[in-house]
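To keep things clear, I will list the structure first and then write my remarks on it.
Each reported figure results from applying straightforward, stated rules to the coordinates on display, with no laboratory input. Note that the coordinates shown come from a computational prediction; the quantities given were computed from them, not determined experimentally. Here the Cβ positions follow ideal geometry from the backbone for every residue, glycine too, while neighbour counts run over all protein chains shown.
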Amino acid sequence: MLTFAPLIFVVIWSTGFIAARAAAPYADPNLFLIFRFALTALCFAVLARRIPWPTGRQALLHAVAGMLMNGLYLSGAWWSIAHGVAAGVMALLGALQPLLTALVAVIWLRARLSLRTWIGLGIGIVGVALVIIPKLAATGLGELAPWPVAVAVGSIFALTAGTMIQKSSISGGDLRSAGAIQNGAAALVALVLFSAVGTWHWDNHPAVWASLAWSVGVLSLGGATLLIWMVRHGEATRTTSLMLLVPPLAAIEAYFLFGETLTSLQIAGFALAIGGVVLARRA
């Protein structure tokens with residue numbers, strides 16, 4: 001399974017941009033995420049009803065990982081975009097997450113990464129930048145107000161921290177009970193943020209319900225669980241380097257689904273991103 005897991009993950013994860021874009025005009029982001037996380041937690045709880053659940057410190061670590069990796073990351077990213085940070089800027093910040101993971105692995109876990117890994121990450125980030133530059137040229141950088149930018153950067157740190165916790169003592173836990181606890185904790189984060197800055201905006205448009213169904217059934221139950229599984233069974237930097245392929249693939253999907261432009265520069269960037277990921281993962 002590990003052989004095909006990276007390809008499956010990248011394809012699934014890239015559709016998150018599409019689902020978010022489809023739902024954005026019709027629902028408050030944190031309200032949407034409350035439903036997404038709560039429904040995902042319920043699904044996992046049903047699947048885990050006959051197995052032992054983690055308790056004590058293990059349960060707490062699962063909750064913290066869910067708050068960081070799901071709750072703060074997605075809530076922060078969606079809120080930042082809704083408050084002026086261009087989606088391209090957010091995608092570029094997200095592409096820095098593998099590099100941040102590598103730095104944390106070296107400093108915290110005393111990991112030794114080869115020069116090839118660092119070069120691969122660098123090439124991949126340049127590739128992502130080439131994919132995103134045409135979009136930024138067309139849409140601008142957004143308002144780039146201090147708070148939305150700070151929240152956007154903080155969300156990337158939260159994703160990185162949550163990823164590293166998945167490599168801790170909870171890595172041997174069952175993914176079903178882990179998913180229930182982590183998504184339940186993420187729902188609480190989204191609820192707190194919604195109470196503070198959210199609005200009761202929910203139009204019963206088919207796009208909202210289709211995005212919600214996809215987000216729960218494919219992105220959360222499939223993609224997020226697969227990411228955790230890969231982090232547990234592989235080296236964190238090699239796993240998160242796959243994130244570099246998400247923005248380019250999302251650009252291709254948007255080209256076919258929404259008629260967005262796809263320039264030769266972006267295609268070249270996609271090729272660089274692929275090369276960088278291959279180099280980093282083979283190190």
Checklist outcome for this item: Across Gly162, Gly154, Gly94, the residue with the highest GNM fluctuation in the chain (Cα network, 10 Å cutoff) is Gly154
Checklist outcome for this item: Tyr255 and Trp147 label points (each 7 Å along its Cα→Cβ direction) are spaced in nm at 3.9 nm
Checklist entry - Can you list the residues, at least 5 places off or on another chain, whose amide H is less than 5 Å from the amide H of Ala111, using H built in the peptide plane? => result Val106
Item to check | Residue order, fewest to most beta carbons within 10 Å, for Ser211, Ser75 | outcome: Ser211, Ser75
Item to check | Label selected from (1) 52, 48, 35; (2) 62, 49, 36; (3) 71, 46, 37, the criterion being Cα extents along the principal axes in Å as computed here | outcome: (1)
Next on the checklist: With 10 angstrom as the radius, rank Ser220, Ser264 by how many other C-beta atoms surround their C-beta, starting from the fewest.
Outcome noted: Ser264, Ser220
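Diagonalise the Cα gyration tensor of the range 138-283 and give the resulting equivalent ellipsoid semi-axes, square root of 5 times each eigenvalue, largest first, whole Å. Let's see the in-between values first.
On the way: eigenvalues 137, 127, 60 Å².
Output for the range 138-283: semi-axes of 26, 25, 17 Å.
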Item to check | For the range 167-179, Karplus couplings with θ = phi - 60° (6.51, -1.76, 1.60), whole Hz, Gly/Pro x | outcome: 8, 7, 5, 7, 5, x, x, 5, 5, 6, 5, 4, x
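Taking the beta-carbon count within 10 Å as an exposure proxy, list Ile252, Ile107, Ile34 from fewest neighbours to most.
Details: Ile252 16, Ile107 9, Ile34 22.
So the ranking, lowest neighbour count to highest, is Ile107, Ile252, Ile34.
Report the gain in length on full extension from Val11 to His205: 0.36 nm times residue separation, minus Cα-Cα distance, nm rounded to one decimal. Walk me through the numbers on the way to the answer.
Values: separation 194, 0.36 × 194 = 69.84 nm, distance 2.56 nm.
Computed gain between Val11 and His205 is 67.3 nm.
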Checklist entry - What does the charge dipole of the range 5-282 about its Cα centre add up to, to the nearest 20 debye, if the Cβ of each Lys and Arg holds +1 and the Cβ of each Asp and Glu holds -1? => result 980 debye
Checklist entry - For the range 1-69, max minus min Cα coordinate along each principal axis, in Å, sorted largest first? => result 40, 35, 22
